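Bear in mind these aren't lab numbers, they're just calculated from the coordinates by the rules spelled out. Keep in mind the model is a prediction, meaning the values are calculated, not measured. Every residue, glycine as well, gets a Cβ built from its backbone with ideal geometry; the counts of neighbours run over all protein chains shown.
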Amino acid sequence: MLHFVEFKKFYGNFPALTIADFNIEPGIYWIKGVNGSGKSTLLKSIAGILAFDGDIVLNGGISIKKQPVAYRKLVNFAEAEPLFPEFLTGKEMVSLFASAKDASAGQEQHFIKSMKMQSYIDRPIGTYSSGMLKKLSLVLAFLGNPKLILLDEPLITIDTESLKILYSWIREQHDKGVSFMLSSHQALDVDERLDAGELLVDGQTLQFTR
């Protein structure tokens, strides 16, 4: 699924994360590591939000450096603490993302309804609570036809019922061939049977375990 090629991310002169050569096969992965180990840096780099040296190649041929538009259409990302323009409504934000991700007409309705967002999706984002913002960010991450969905701290600021809905989304999309990488300080619910492998991040390298 993903191939890291001489990947290096520096903050000034500090080497935050280096990955010389690493392959990640399709699947669901839980990224573990202590604070400051590079979990968010890793996800934001894969999403194309942070600049880095080297390259990341998706599905054996789509390079984030050489085919950035094609790559970004296939990789979706939800931040740990999302920030959106407060003057836009949730519906307008969804429309923007749906257009950018070439989502099929009406695709967003399934996610909006299952998260029970109908009562406020037309309201300005500036009126949203942290939980509402989290749900909106998750909806946006599932739009289009992604091959990889990155979820940074998806288990925080969200209620138990919504978590179960999120787990169901992950299972549904994984059954369709979508891979996932989730960063979380909290343990995944083993009862949800996500069958997630682990990517251990230590600030310098990655190691896959199952």
For Trp30, the residues 5 or more places away or on another chain with a placed amide H closer than 5 Å to its own amide H are Leu182, Gly197, Glu198, Leu199
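Charges only on Cβ, +1 for Lys and Arg, -1 for Asp and Glu: so what's the dipole of the stretch 92-189 about the Cα centre, in debye to the nearest 20?
Around 100 debye, computed over the stretch 92-189.
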Quick calc, Asn13 & Gln173: beta-carbon distance into FRET formula, R0 45 Å, rounding 0.05, result 0.70
Rounded to whole Hz and in sequence order, give me ³J(HN,Hα) for the stretch 158-168 from the Karplus expression 6.51 cos²θ - 1.76 cosθ + 1.60, θ = phi - 60°, writing x for Gly and Pro. 9, 7, 4, 4, 5, 4, 5, 5, 4, 4, 5
So if R0 is 41 Å, what FRET efficiency would Lys91 and Asp53 give, r being the distance between their Cβ atoms, rounded to the nearest 0.05? 0.55
Of Leu50, Ile121, Pro82, which is farthest along the charge dipole of the stretch 32-163 in the positive direction, counting Lys and Arg as +1 and Asp and Glu as -1 at C-beta? Leu50
Apply the a/c threshold of 1.5 to the C-alpha gyration tensor of the stretch 1-88 and tell me whether it is rounded, prolate or oblate. rounded
Calculate the spin-label point distance for Glu198 paired with Ser114, positioning each point 7 Å from the Cα along the beta-carbon direction, and give it in nanometres. 2.8
Can you tell me the convex hull volume per residue for the chain, based on C-alpha atoms, in Å³ to the nearest whole number? 122
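About the Cα centre, and with charges only on the beta carbon of Lys, Arg (+1) and Asp, Glu (-1), how big is the dipole of the chain? Nearest 20 debye, please.
380
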For the stretch 75-116, just say rounded, prolate or oblate: build the C-alpha gyration tensor, square-root its eigenvalues into a ≥ b ≥ c, call rounded for a/c under 1.5, and beyond that prolate if a/b exceeds b/c, oblate if not. rounded
Residue-averaged 222 nm ellipticity for the chain, from DSSP H runs of 4+ at -39500 (n - 2.57), nearest 500: -9000 deg cm²/dmol
Can you compute the FRET efficiency between Glu161 and Val69 using 1/(1 + (r/R0)^6), with r the Cβ-Cβ distance and R0 = 45 Å? Round to the nearest 0.05. 0.75
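Average projected area of the Cα convex hull of the stretch 76-169, in nm²?
Computing the convex hull of the Cα atoms and averaging its projections yields 5.4 nm².
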Using only the Cα atoms of the stretch 33-75, each taken as one equal point scatterer with no solvent, compute I(q) by the Debye sum, divide by I(0), and report log10 of the ratio at q = 0.22 Å⁻¹. -0.71
